[in-house]
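Okay, so here's the structure we're looking at.
The values are calculated or read from the model by the stated rules, or taken from the named source; none is laboratory data. All values derive from a computational prediction rather than experimental measurement. In this analysis, Cβ positions are derived from the backbone assuming ideal geometry, glycine residues included, and neighbour counts consider all displayed protein chains.
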Amino acid sequence: MSRQIALLRGINVGGRNKFTMAQQRELFAALGHKDVTVLLQTGNIVFADPGTPPEETAHAIEARIADELGFPVPVLVRTRDELAAAIAANPFPQAEAEPKTLHVTFLSAEPAHVAPLEALEEALDTGAYTPDRFRLVGRELYLWCPNGIGRSKLAEAVSRARLGVTATARNWNTVTKLLALADA
């Protein structure tokens, strides 16, 4: 069986869309997934799958959550190898020494609307967001905020960019822990 990683967007944030870790494990088991591990409460699930395409898995999870919990939750799924490739493609390896400063936004597809990101790149060239940086690599958008993400103007601008795809972000610690769980 192959390993897949589900990234759920917007659960257990600010008291909304409550979906406990136990419920997450139960729902994935009910869908027939084996060896289900939940990392944190924010929708990071590693599981064994017989090889179902990730998009198909994501749709099945979304439908089951909507049926059982009564609210929509966007879900992105990556295979173990796709997650490993995203880690290897990190354009900011110097940030790995301070992993809380590096974030990866996983996208459901390569964005068709990149104009908002191009505008941000132009602003980066003028020093408007120094020292923060971002880079889009395929279906992942990497954001490095050396002084922290909390007050980053670039992080705010990137989160507002309308790319026409579903997106959910994770910090580097979470991303690397998910791969370690997929490899366990």
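Report yes if Ala48 is touching a residue at least 12 places away in the same chain (Cβ under 8 Å), more than 17 Å from Asp183 (Cβ to Cβ) and touching a strand residue (DSSP E or B) at 6+ places or on another chain (Cβ under 8 Å), otherwise no.
Taking the combined requirement at face value, the residue does not satisfy it.
Kindly check whether there is at least one residue in region 80-95 that is surrounded by 13 or more Cβ atoms within 10 Å (Cβ to Cβ), basic (Lys, Arg) and either out of contact with any strand residue (DSSP E or B) (no Cβ under 9 Å at 6 or more places or on another chain) or at positive phi (or both).
Scanning region 80-95, I find no residue that is surrounded by 13 or more Cβ atoms within 10 Å (Cβ to Cβ), basic (Lys, Arg) and either out of contact with any strand residue (DSSP E or B) (no Cβ under 9 Å at 6 or more places or on another chain) or at positive phi (or both), so the answer is no.
Quick check on my filter: what residues within region 118-155 are crowded, with 19+ Cβ neighbours inside 10 Å and among the small types (Gly, Ala, Ser)?
Those that are crowded, with 19+ Cβ neighbours inside 10 Å and among the small types (Gly, Ala, Ser): Ser152, Ala155.
Can you pull out the strands (runs of 3 or more DSSP E) entirely within region 61-177 that have at least 3 residues that are in the same structural domain as Lys18 (by TED's automatic domain parsing)?
Fully inside region 61-177 and qualifying: 75-79.
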